[in-house]
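Got a structure for you, written out below as structure tokens; questions coming shortly.
Every number here is computed from the coordinates shown, using simple stated rules; none is lab data. It should be emphasised that the depicted structure is a prediction, and the values quoted were computed from it without experimental measurement. Reconstructed Cβ throughout: ideal geometry from the backbone, glycine too, with neighbour counts over all protein chains shown.
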Amino acid sequence: MSTCLCARGRFLLQHHQRNIKSGGRCRRAFTGINRPLAMTTPARVLLTNDDGPDSAFFKAWVPHVQQVLGWDAYVCIPDGPQSFVSKAIAKGPISVRHMGDGSAHMAGPPATCVNIALNHLAPQCDFVISGPNVGHNLGRGSVLSSGTVGAALEGAILGCRAVAVSFPFFQGWDNWTDADVDSAVQAAGRVVKELWEDWDEGVDLYNCNVPLGFRGPDNNPVQPQCLRTSVDPLSYASLYAPAQREGDPSSFVWKPVGLRVFQEEDSNLVEGSDIWAVKRGNISITALNAGLLQA
């Protein structure tokens, strides 16, 4: 075990002992990963994403975690969009810009941000929240490809509790209101707080999708329910298209039309799955383990 991990373990143990002395409740969450004791509140939360610093969702999320939930948080994010990179690790050298607000912007994918932050920049963090992603992370193909989920997975591998948060939208790109975002942030805050306080045995990470601005047939907003879900086995076909003309094999461009999961007929979805739940306007909470098997 590295020196940084040992230092983090000592910090968490000291924080746990302070909670016991002050009457705080503590419970051990143990899976195959050697995870430290959990406290009533996180020692410190690592916030990251795969959309970079310009994400409007992330800009609304960070102050909510810090001011509404009251959690001490450290921000370490990619310096630009790094979507659909799964749990990619960059070998580097990795440049880091330390911003005036105390956050770190890194020239690397989200899982790299998590690894460097937990081992070098903020080793006292015991909870990793990745996201909110701009769009869904639903179904097997998307979950296994997601940079948001990949960052949470990296946190779990390093012994932290971890949650990936995504905001699926239904009315088209950038066609949401500030009220939609605020409502999703409030709901996501309640979810991550409840998960931290009552973490299920045997779970390494959760994948949570909070619908953004979902409306019913009458076009009125729908109050979502929180549903525990499975990962729908739905995957995707081609993610690319010929850059020049159909049939030209010389170059291809990104065109992920196969990821439009909400266009799937209900008959193609597993009842109780993540896609099935969110398509009905509900919050999907899926428990996962770090072996990429459903917990």
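In what sequence do E271, E246 fall when counting other Cβ within 10 Å, fewest first?
The fewest-first ordering by Cβ neighbours comes to E246, E271.
While we're looking at this one, here's another question. Among DSSP beta bridges whose residues both lie in region 151-295, state the antiparallel percentage, nearest 5.
On the way: 10 of 20 bridges.
Around 50 percent antiparallel, to the nearest 5.
While we're on this one: Quick one: work out the % antiparallel among DSSP beta bridges in region 96-205, nearest 5.
Rounded to the nearest five, the antiparallel share is 35 percent.
Also, quick follow-up: Among all the lysines, which ones have a C-alpha under 29 Å from K255's C-alpha, if same-chain residues fewer than 8 places away are not counted?
K59, K87, K91, K279
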